[in-house]
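Have a look at the structure below before the remarks.
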Amino acid sequence: MELITRYPKFKAMYEDIYEMCLNMERVMSMFSKELKELDRNTVRYMIDEIQAELDQAKEELEQKRSELKQRRSELEEKKHELSQKDELIQKLKEELEAERAKK
């Protein structure tokens with residue numbers, strides 16, 4: 001009462017709130033609707049967060065795949081170089097054996 005006496009403009013708002021609280025079913029329905037909306041928003045937020053994590057994981061996976069492809073290419077190149085060196089060593093061995101056989 002003191003609040004209404006000091007602030008008469010508050011009386012209309014107070015009456016609305018008081019009437020609303022008298023109808024508990026309406027109040028519970030209002031809260032129920034708000035909770036449903038809050039749940040919906042929470043689910044959307046969680047989905048967005050998971051999607052962002054998934055997108056980041058996909059990006060990291062693509063980067064790793066690219067690095068792996070590059071390393072495979074480098075490995076194939078090294079393998080080719082080793083093969084050429086093995087052939088050269090084999091050729092030099094044969095030449096050395098031929099020289100020894102001549103002596």
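Lys-Lys pairs in the range 38-93 that are eight or more residues apart or on separate chains and whose Cα atoms lie under 17 Å of each other come to 4. In order along the range 91-99, phi translates into HN-Hα couplings of 5, 5, 4, 4, 5, 5, 5, 5, 5 Hz, rounded to whole numbers, per the Karplus curve 6.51 cos²θ - 1.76 cosθ + 1.60 with θ = phi - 60° and x for Gly and Pro. Candidates SER32, CYS21, LEU75 compared by Cα position along the dipole of the chain: farthest toward the positive end lies LEU75, with charges placed on Cβ. The helix-based estimate of mean residue ellipticity at 222 nm for the chain, built from -39,500 (n - 2.57) per DSSP H run of four or more residues and divided by its residue count, is -34000 deg cm²/dmol to the nearest 500.
About its Cα centre, the range 2-73 has a charge dipole of approximately 360 debye under the convention of +1 per Lys or Arg Cβ and -1 per Asp or Glu Cβ, with nothing else charged. Rounded to the nearest 10 degrees, the angle from helix 10-22 to the longest Cα principal axis of the chain is 80 degrees.
Based on a Kirkwood Rh over C-alpha pairs, give the Stokes-Einstein translational diffusion coefficient of the range 2-73 at 4 °C and viscosity 1.567 mPa s in µm²/s. For the chosen part, D equals 75 µm²/s. Counted residue by residue at 0.36 nm each, then reduced by the alpha carbon distance between them, the extension gain from ARG71 to ARG6 reaches 15.4 nm.
Only the coordinates and a few stated rules stand behind these numbers; no lab work does. This structure is a prediction, so every number in the text was calculated from the model and none was measured. When we count neighbours, we look across all protein chains shown, and the Cβ atoms used for this are built from the backbone with ideal geometry, even at glycine.
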